[in-house]
Amino acid sequence: MLHRKIGPNGPLVSALGIGAMSFSDFYGPTSQANSFAILDRARDVGVTHIDTANVYGMGVSEQVIGRYLQGNPEARDGFHIATKAAIARDAQTGHSYFDNSAEHLERELDKSLSLLGTDHVDLFYVHRRDPDVPIEEVAGTLGALKAKGKTRGVGFSEIAPSSLRRAARECAIDAVQSEYSLSTRSPELGLVQTCAALGTTLVAFSPVGRSLLTDAPMTPEQIKDSAFLTGNPRFIEPNYSANLRSIKPFQELAADMGLPAAGLAISWVLAKGAHITAIPGTRSVAHFEEFVAGWERQLSSDEVQAVEEVLPVGWAQGDRYNAAQWTGPERYC
């Protein structure tokens, strides 16, 4: 089983982690029992990294993890827990905005620690950059939180390589979380390389393309259950039908290689760099087992090439975000 270091001097964690957005109802209804079953299975197979955020279900994801740890206190030391903050909501208008102030980040981290039932997290990210606050200042805030012992590692989500280099001059950045998969290759235009050069771990979220890179992509009925996917260009017709046609050779290749399609998608991501981890999300143990199969399989260079021949760069129709969803992530290519 592959393990990867978090940051230049950080701990080793399983290269496969859990994207705990799925512990809320973001992609459709779930239950605490489903999430607990996934965490139980993660412990069985040695998956140690759990990646959540304060806004996933407005605290629900963190609360579920906290309840699990309360019932299984021995599990805390075996898990590497990451969370995020910086997305705030105006109480009067209900509109979201980004707050990178030291006061906001520490206050939200304290709330997360309370929900998680722990005195520290292992990794704390700034979820979205506020462009009006110099990133060097924000990195300094993260360094201060680390010095206080509230987090053991620090990072950012969805930032540009240039921003990472600026932040790293102020404070060692242990991890950057970014969408990276066979359907989203943009990190290869600078972020993969910059993370490697700085010793920063690239934590790949949505590595199975929000179900596209699986044997059972979401149905139109399931898409309707997700406010995010109903507005996402890749899941809107005619793009979605075209994307489903495009993945058939990939699904066939996975079967020929003895892997579920989701497993092959995970294996491919992990093969793209020794500093990369993958955090797929799921609401079922059965799907989690598909991810584990990919974690167990290390692809040869010939196999990586075969995958990229059936799904070459740019194959997916539709942008990865719509205009509203692009608010916050830094574009750099």
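Taken along its three principal axes, the alpha carbon spread of region 167-213 comes to 38, 16, 13 Å, from the longest extent down to the shortest.
Express in % the proportion of alpha carbon pairs of the chain at distances exceeding 28 Å.
37
Report, in whole Å, the centroid distance computed from the Cα atoms of region 91-116 and region 130-195. What the calculation gives is 18 Å, centre to centre. Between 0 and 90 degrees, rounded to the nearest ten: what's the tilt of helix 32-45 against the longest Cα principal axis of the chain? Computed tilt is about 80 degrees. Using a cut-off of 26 Å between Cα atoms, the listed pairs Lys5/Lys272; Lys146/Lys272; Lys150/Lys272; Lys111/Lys272; Lys5/Lys84 include Lys146/Lys272; Lys150/Lys272; Lys111/Lys272 as exceeding that distance. Using just its DSSP H runs of length 4 or more, each adding -39500 (n - 2.57), the chain gives a mean residue ellipticity at 222 nm of -11500 deg cm²/dmol after division by all residues.
With respect to the chain, whose longest principal axis is taken over its alpha-carbon atoms, helix 102-116 is tilted by about 70°.
Listed by chain and number, the aspartates and glutamates placed with their C-alpha closer than 12 angstrom to that of Lys248 are Asp215; residues fewer than eight positions away on the same chain are left out.
Multiplying the sequence separation of Glu309 and Ser186 by 0.36 nm and subtracting their Cα-Cα distance, what value in nm do you get?
42.5 nm
Take the Cα of Ala197, go 7 Å toward its beta carbon, and none of the backbone nitrogen atoms of region 306-333 fall under 14 Å from that spot. All C-alpha to C-alpha distances of region 224-303, sorted into 10 Å bins beginning at zero, yield P(r) values of 17, 37, 38, 8 percent in whole numbers. Ranked by the mean number of other Cβ atoms within 10 Å per residue, highest first, peptides 235-245, 139-149, 181-191, 90-100 order as 181-191, 139-149, 235-245, 90-100. Dimensions of region 82-233 along the principal axes, based on C-alpha atoms and rounded to the nearest Å, stand at 47, 42, 31, largest first. Please compute, over every Cα-Cα pair in region 35-118, the percentage with a separation greater than 21 angstrom. Of the Cα pairs, 33 percent sit more than 21 Å apart.
Counted over region 126-192 with a bin width of 5 Å, the fraction of Cα pairs per bin, in whole percents, is 4, 17, 28, 23, 15, 8, 4, 1. In the frame of its principal axes, region 1-76 has Cα extents of 35, 23, 20 Å, reported largest first.
Sorting the segments 79-85, 157-163 by their mean number of nearby beta carbons within 10 angstrom, highest to lowest, gives 79-85, 157-163. For region 32-78 versus region 309-327, the inter-centroid distance based on Cα atoms is 30 Å.
Here is the tail figure for region 192-325: Cα pairs spaced more than 18 Å apart come to 56 percent of all pairs. What angle do you read, to the nearest 10 degrees and between 0 and 90, between the alpha-carbon axis of helix 135-147 and the longest principal axis of the chain? Helix 135-147 sits roughly 70 degrees off the main axis of the chain. Per residue, the convex hull around the alpha carbon atoms of region 165-259 comes to 134 Å³.
Extension gain, Gln32-Thr327: 0.36 nm per intervening residue step, less the Cα-Cα distance, totals 103.2 nm. The Cα atoms of region 224-268 give a gyration tensor whose axes a ≥ b ≥ c have a/c of 1.5 or more with a/b greater than b/c, which makes the shape prolate.
Read-outs throughout are calculated quantities, based only on the coordinates presented, and are distinct from any laboratory measurement. As the structure is a computational prediction, the values presented were derived from the model and not from experiment. Every residue, glycine among them, receives a Cβ derived from its backbone with ideal geometry; neighbour counts consider all protein chains shown.
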